[in-house]
Amino acid sequence: MVSRVIPVQPFDLVLFGATGDLAQRKILPGLYHRFEVEQMPDDARIIATARSSMDTEQFRAQILASMKEFAPGFKQDVLDQFLQHVEYIPVDALGESGWSELSAALRPDVVRAFYLSVGPSLFPGIAQRLSDHKMASPDSRIVVEKPFGHDLASAKALNEGLRACFEEHQIYRIDHYLGKETVQNLMALRFANSLFEPLWNSTHVDHVQITVAETVGVDGRGAYYDQSGAMRDMIQNHLVQLLCLTAMEPPSKFSPNAVRDEKVKVIEALEPVSPADIARGQYRADKGGDGYTDHVGNADSRTESYIALKVHLGNWRWAGVPFYLRTGKRLRARESEIAVFFRDPPHTIFPNVGPLRGNVLVIRLQPDEGITLRTTIKDPGPGGFRLSDVSLDMSFADALGEDASAPDAYERLVMDVIRGDQTLFMRGDEAEAAWAWVDPIVEGWEDRGDRPSLYDQGSSGPEDALMLMHRDGRRWRQIGG
Ligand code: NAP
């Protein structure tokens, strides 16, 4: 099945931090792909900026090198055409140089988007200069990357800095997990089908497991990560967002504020988490290799590279249903999924088969995006009546063809910005509500001086996380199983 591509309106996209890792690895290759499938109109322009002094030709050469590394399947003739849409203007985000040139380069009558692919400390300064130089028109958009703050106070300060120059409907806070096809499919699965929604509550759901496991460590971003940790870097945004989409009430319509209103209600229903329901870990040194503390250059670090939590939502639908969240680095496999465990059947009519196991619906985000439903069937063959568990498996790539998992999350989100669709972006109150829940949890372990437990690289995480589940008579789904 080939996805239908509708060209967006003409635009000027100003990309701050264009020489940086994210821009070169994700955003610019993503824009190229949208150009290749003809979603970018002929009069679209990308105005790349950073402090580095270079001209447009040198910057285009940098894109070519990045494409070879990060998107090697590109077509040279298409890339040549794409690069004609890209220009480079050096701008110092915190100084005065380059702003007049940038202002002069913008066209008055096209969609104007400013993508801040720079550290958050630069957000307010850039927003202010855009406003001072009269570049921020009432219809222009500003896109900011994660992390959106370090705690509630810093998130509020960022919101204030941005709102001093832009209205909320112009601010696009990226959580790239929301751009993933399967994450959006979770909404389709729940709200475009009548099968699951009647079962989607504490009467029928035993518990939910949300896992984001990574094989990479913190190499290369140790200094940032050690100030942050898995709770701030992953739970506050990505896993809370996945939890929201899993647990929210059906919005009255598929519009940005209707969806985000429901998500905020989920975050506000999150109950405080007891220390006994938290397992924090840090990957230890490999045989002869380095561990977390070596990677961050801090031998005494108490920052977690792994966290598992049991959380509850204090609302009618989910009362008593635990949501287990876990994420970590240097684990056995790279895997992200949401697994909804339905309750065991109350009674078995089949003799000698033992207790029946409930169904499990698994929404796989990566790898191999798709949906699986564990069901119990009769073991084929004559003789006794035996049962076994099988998966009804729908891999999107198999069902929908190779295009199924495209576009990449960033491609989708950048085009949504141009379209002016905020549905898949975090609203300011959402980000603040998530920090309001996270802050006391982090302060709790900081005040107690808790140290994370060590775990082996290539494992499923620390023992404590297994115990967290075992205590409740449940088991984690196997990572890399
Ligand atoms: P990076 O590689 O350090 O790039 C930073 C960019 O900002 C560079 O282009 C740098 O270029 C520019 N810059 C720095 N100071 C500047 C200033 N005063 N004025 C103008 N430009 C300035 O960072 P990154 O990894 O691309 O990350 C960018 C943002 O995305 C961060 O907020 C990060 O947290 C977020 N993010 C990154 C990733 C990722 O995979 N990399 C994933 C999720 C979120 P010059 O030095 O030439 O000025």
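A few remarks follow.
- Here the spin labels are modelled as points 7 Å beyond Cα on the Cα-Cβ line, and at GLN128 and THR203 they lie 5.6 nm apart.
- Mean residue ellipticity at 222 nm, helices only, the chain: -9000 deg cm²/dmol; runs of at least 4 DSSP H residues each add -39,500 (n - 2.57), and the sum is divided by the number of residues.
- Gain upon complete extension [ARG386, ALA223; 0.36 nm per residue less C-alpha separation]: 53.1 nm
- Taking the charge dipole of the chain about its Cα centre, with +1 at Lys and Arg Cβ atoms and -1 at Asp and Glu Cβ atoms, the residue from GLN128, TRP435, PRO462 reaching farthest to the positive side is PRO462.
- Relative exposure of THR203, THR348, judged by other C-beta atoms within 10 Å (fewest first): THR203, THR348
- Beta bridges by DSSP in the chain, antiparallel share as percent, to the nearest 5: 55 percent
- Spacing of the two label points (7 Å from each Cα toward its C-beta) at ASP379 and LEU94, in nm: 6.7 nm
- Unit charges on C-beta of K, R, D, E only; dipole of region 11-145, Debye: 320 debye
- Computed over every Cα-Cα pair of the chain and binned at 20 Å starting from 0, the pair-distance distribution P(r) comes out as 22, 54, 22, 2, 0 percent.
- Scalar couplings 3J(HN,Hα) for region 81-88, obtained by applying the Karplus form with A = 6.51, B = -1.76, C = 1.60 to θ = phi - 60°, are 5, 4, 5, 5, 8, 10, 10, 10 Hz; x denotes Gly and Pro.
- Once both labels are positioned 7 Å from their Cα atoms along Cα-to-Cβ, the gap between ASP398 and PHE196 label points is 1.8 nm.
- Spatial separation of Cα centroids for region 328-354 and region 120-169, in angstrom: 43 Å
- Whole-Hz Karplus values for region 92-108 come out as 9, 4, 10, x, 9, 6, x, 5, 5, 4, 5, 4, 5, 7, 7, 9, x Hz, taken residue by residue from phi with 6.51 cos²θ - 1.76 cosθ + 1.60 and θ = phi - 60°; glycine and proline positions read x.
- Look at the dipole of the chain built from charges on Cβ: of LEU13, ALA230, VAL143, the Cα furthest out on the positive end belongs to ALA230.
- Take the Cβ atoms of ARG343 and SER252, set R0 to 41 Å, and the FRET efficiency comes out at 0.90.
- Once C-alpha pairs closer than 8 Å and six or more residues apart are averaged by separation and normalised to the residue number of the chain, the relative contact order reads 18 percent.
- Given LYS287/LYS329; LYS146/LYS180; LYS265/LYS329; LYS75/LYS180; LYS180/LYS263, the pairs whose alpha carbons are separated by over 19 Å: LYS265/LYS329; LYS75/LYS180
- Amide hydrogen proximity for TYR283: with H placed 1.01 Å from N in the peptide plane, the residues at 5 or more positions away or on another chain lying under 5 Å are TYR292, SER305, TYR455.
- The trypsin sites (Lys or Arg not before Pro) found in region 360-463 that occupy coil by DSSP, while having at most 14 further C-beta atoms within 10 Å, are ARG386.
- The loop-placed chymotrypsin sites (Phe, Trp or Tyr not before Pro) in region 302-371, going by DSSP, that have at most 13 neighbouring Cβ atoms within 10 Å of their Cβ come out as TRP316.
- Per-residue Karplus couplings for region 147-163, computed as 6.51 cos²θ - 1.76 cosθ + 1.60 with θ equal to phi - 60°, are listed in order as x, 8, x, 10, 6, 4, 4, 6, 5, 5, 5, 4, 4, 4, x, 6, 6 Hz, Gly and Pro entered as x.
- Considering only alpha-carbon pairs that sit under 8 angstrom and 6 or more positions apart, the relative contact order computed for region 34-98 is 50 percent.
- Under a 5 Å amide H cut-off, with hydrogens placed 1.01 Å from N, ARG141 pairs with ARG112, ALA113, PHE114 among residues at least 5 apart or on other chains.
- Across region 117-245, Cα pairs under 8 Å and at least six residues apart give a relative contact order of 25 percent.
- Residues whose amide H falls under 5 Å from that of MET40, counting only those 5 or more places apart or on a different chain, are PHE35, with hydrogens built in the peptide plane.
Every number in this text was worked out from the coordinates using simple rules, so none of it is lab data. Just so it is clear, the model here is predicted, and its values are computed rather than measured. Virtual Cβ from ideal backbone geometry, glycine too; neighbours counted across all protein chains shown.
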